[in-house]
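Student: Got a structure for you, written out below as structure tokens; questions coming shortly.
The values are calculated or read from the model by the stated rules, or taken from the named source; none is laboratory data. Here the structure is a predicted model, which is why all the values come from computation and not from measurement. A quick note on method: Cβ atoms are made from the backbone with ideal geometry, for glycine too, and the neighbour counts reach across all protein chains shown.
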Amino acid sequence: MEFETVIGLEVHVQLSTRSKMFCGCSADYAGASPNTHVCPVCLGLPGVLPTINEEAVRYTVMTALALNCSILEETKFDRKNYFYPDLMKGYQISQYDAPIGKKGRLEIGPAEAKKRVAITRVHLEEDVAKLLHRDGYSLVDVNRSGVPLMEIVSEPDIRSPEEARDYLVKLRSILQYLGVSTANMEEGSFRCDANISIRPVGSSELMGKVEVKNMNSFRAVYRALSYEEERQRKAFISGEKIAQETRGWLEEGITVLQRSKEYAHDYRYFPEPDLPPLALSAEYINGVRKSLPELPEARQKRFITDYGLSPYDSMVLTTDKAMADYFESCIDLDKSKPVPEYAKEVANWLLGEFSHNLASAEINIDNSPVAPDKLCRLISLIDEGKITMAVAKDVLAEMFSSGGDPYDIVQARGLLQISNSAELEEVIKEVLANNPQAVSDYQQGKPQAIKFLVGQVMKRTKGRANPNLAADLLSKKLEVK
Amino acid sequence: MALSKEEVSRIAELARLKLDDGEVEKFTTQLSYILEQFQILQEVDTTDIPPTAQATPIKNVLRKDEVKPSLSVEEVLANAPDREGDFLRINTVLG
């Protein structure tokens, strides 16, 4: 029997406001000593009055608009009641039946095969305190409690772990372009829970829906959902009932039962009496709409038309805002060069060796030790014929480790390209003398043997020989022989 | 409408309140009285009145995104039943 997988995602995003959602405590708690960003509002002491942070509302409206949601004219906050010590008040201020944004969409996949995932809602709430579990007791740090948290819920339109990953990458990209969140999964400013079930293809009936939590990276989401769809398929085939439950992902590669959902939580939602409702005027919403920055899709299109890049290169470059900014800095630094060729060259470096160096050093492009002007100078050295591609790769690696200037490195290590025939002749003479087999192969009608000989010349010159010149000189010598 | 002592004990448990027998007795009387008052309110005809959580027509009370000073750790932990360093210490909870 063929199955299809049905996935809906719930994403929680911490907003990058300066202060918390309902009070003036600093929202920047990373690295802060415990319980130092806490006030009577955070603690829910009697008599306090929370007040809505206007910037958090604006960020949420921006996000809802970027996700093509309709914005409710009148929105409000509600209390979600539950007993768990991550809440000081005994309730979380959230939004229940009047979220800021509703009914949006997000498109994923390549331009030629776009897939639309419907967005159910975008709402605003507050983050909760952090618990540290010790042996026999727990510790509470209230700093995180009250940090603005935006929740984005998708419809169950996602059909595979790959699509789930694409959705998250796209969503994170949009949030970073909007500048509303750092949207960093490892640091917890971007968190994802997934609902996943399977059903026989063609059937609209849903089996037990499983909620998967505790996935701390895009890779973890992908692995957890792949594991879960297979677990459910096996359970279905062996005639087991797939229970509706919450499961947690463990890094060793499995999901485990956290709690069964037989007893649905009753959160006893009711309107927050301390917060008057929000009426968002059409004027306000239009103002926010006009203030939206260029979003990844628009930038991708612009990269294709302005720089002549391929749709694929444009997509990869623009998904990461910092990468796209870096790329445009490079282009702006050297306006004298012909655009499509130079753009392609910069793109190739960024997507190839440059990304490779970032990945092996495990650093983000924001913290790259190689600034755009240095990469530009490296590219110029190649364009001017001063160094070969092979040498340039080594130089880039050294720029990453030492932060040095490419020209200084080339000078210091004597890496300038040998484009001087006389200098190369010597090397070629030796190479021919040491490789009689290749020479006779060539002379017996195997022209590809010259590639091996060029390789030998490159090896002896440590990559500094101009390969075209070497090939020319070699073939001349061989014809004469 | 009178509440039973069992109901009051259950409500206290849900609200994480520890009541002794005397208090259960006292609150059973008081809560029953409150319920009776609401019983009277229930008699008002509200058919054409939309439900509301707000007693005033005020809307859009917002504040600027500005950081204000927080409490000192000592003030934050002043009401905590137990602490360890600068953390609140509580009984084990299961995630």
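Student: When the residues of segment A:319-342 are narrowed to those that are part of a helix (DSSP H, G or I) and touching a residue at least 40 places away in the same chain (Cβ under 8 Å), which ends up farthest from A:Gly179 (Cα to Cα)? Break it down stepwise before answering.
Tutor: Step one: of segment A:319-342, the residues part of a helix (DSSP H, G or I) are A:319, A:321-333, A:339-342.
Okay, now just the ones that are also touching a residue at least 40 places away in the same chain (Cβ under 8 Å), so A:319, A:321-323, A:326, A:329-330, A:333.
Working: A:Thr319: 14, A:Lys321: 10, A:Ala322: 11, A:Met323: 15, A:Tyr326: 16, A:Ser329: 19, A:Cys330: 22, A:Leu333: 25 Å.
Among those that are part of a helix (DSSP H, G or I) and touching a residue at least 40 places away in the same chain (Cβ under 8 Å), it is A:Leu333.
Student: Separate question: Quick check on A:Tyr263: is it closer than 30 Å to A:Arg58 by Cα and modelled with pLDDT under 90?
Tutor: Values: closer than 30 Å to A:Arg58 by Cα: no; modelled with pLDDT under 90: yes.
Spelling it out, it is not the case that A:Tyr263 is closer than 30 Å to A:Arg58 by Cα and modelled with pLDDT under 90.
Student: Moving to a separate point now. Looking at segment A:37-91, which of its residues are farther than 30 Å from B:Asp82 by Cβ and of a type in the set (Val, Ile, Thr)?
Tutor: Here is the first cut: in segment A:37-91, the ones farther than 30 Å from B:Asp82 by Cβ are A:51-78.
A:Thr51, A:Ile52, A:Val57, A:Thr60, A:Val61, A:Thr63, A:Ile71, A:Thr75, listed by residue number.
Student: Identify, please: which residue in segment B:46-81 is small (Gly, Ala, Ser) and either facing chain A (nearest Cβ under 7 Å) or touching a His at 6+ places or on another chain (Cβ under 9 Å) (or both) and is, among those, nearest to A:His37 (Cα to Cα)?
Tutor: Per the stated criteria, the residue is B:Ser70.
Student: Moving to a separate point now. With the condition kept exactly as written, say whether any residue in segment A:60-78 is without any contact (Cβ under 8 Å) to a residue 24 or more places away in the chain and either touching a strand residue (DSSP E or B) at 6+ places or on another chain (Cβ under 9 Å) or part of a strand (DSSP E or B) (or both).
Tutor: To start, the set of residues in segment A:60-78 that are without any contact (Cβ under 8 Å) to a residue 24 or more places away in the chain comprises none.
Looking through segment A:60-78, none of the residues is without any contact (Cβ under 8 Å) to a residue 24 or more places away in the chain and either touching a strand residue (DSSP E or B) at 6+ places or on another chain (Cβ under 9 Å) or part of a strand (DSSP E or B) (or both).
Student: Could you tell me which residue of segment A:70-114 is surrounded by the most Cβ atoms within 10 Å (Cβ to Cβ), considering only residues that are within 27 Å of A:Val316 (Cβ to Cβ) and touching a Pro at 6+ places or on another chain (Cβ under 9 Å)?
Tutor: Step one: list which residues in segment A:70-114 are within 27 Å of A:Val316 (Cβ to Cβ), which gives A:104-114.
Narrowing further to those that are touching a Pro at 6+ places or on another chain (Cβ under 9 Å): A:110-112.
Details: A:Pro110: 11, A:Ala111: 14, A:Glu112: 6.
Going through the qualifying residues, I end up with A:Ala111.
Student: Another question about this same structure. With the requirement that a residue be in a helix (DSSP H, G or I) and without any contact (Cβ under 8 Å) to a residue 24 or more places away in the chain, what does segment A:367-381 give you? Can you show your working first?
Tutor: Of segment A:367-381, the ones in a helix (DSSP H, G or I) are A:367, A:372-381.
Result: A:Asn367, single match.
Student: While we're looking at this one, here's another question. With A:Val169, A:Val153 as the choices, which residue is more than 14 Å from chain B (Cβ to nearest Cβ), in contact with a Ser or Thr (Cβ under 9 Å, 6 or more places away or on another chain), over 27 Å from A:Glu54 (Cβ atoms) and surrounded by fewer than 20 Cβ atoms within 10 Å (Cβ to Cβ)? Give the steps one after another, and end with the answer.
Tutor: On the way: A:Val153 fails: over 27 Å from A:Glu54 (Cβ atoms).
Going through A:Val169, A:Val153 in turn, the sole match is A:Val169.
Student: Among what's in segment A:122-177 and is out of contact with any helix residue (DSSP H, G or I) (no Cβ under 8 Å at 6 or more places or on another chain) and aromatic (Phe, Trp, Tyr), pick the residue that is farthest from A:Pro40 (Cα to Cα).
Tutor: Per the criteria, the residue is A:Tyr167.
Student: Just to verify a result, which residue in segment A:21-59, among those that are in contact (Cβ under 8 Å) with a residue 24 or more places away in the chain and of a type in the set (Ser, Thr, Tyr), is farthest from A:Thr182 (Cα to Cα)?
Tutor: Only one residue tops the list, namely A:Thr51.
Student: In this structure, is A:Leu15 closer than 24 Å to A:Gln176 by Cβ and within 31 Å of the chain's Cα centre (by Cα)?
Tutor: Taking the combined requirement at face value, the residue satisfies it.
Student: Please go through segment A:194-236 and pick out each residue that is under 13 Å from A:Trp249 (Cβ atoms) and in a loop (DSSP other than H, G, I, E, B).
Tutor: Within segment A:194-236, A:Asn216, A:Ser217 meet the criteria.
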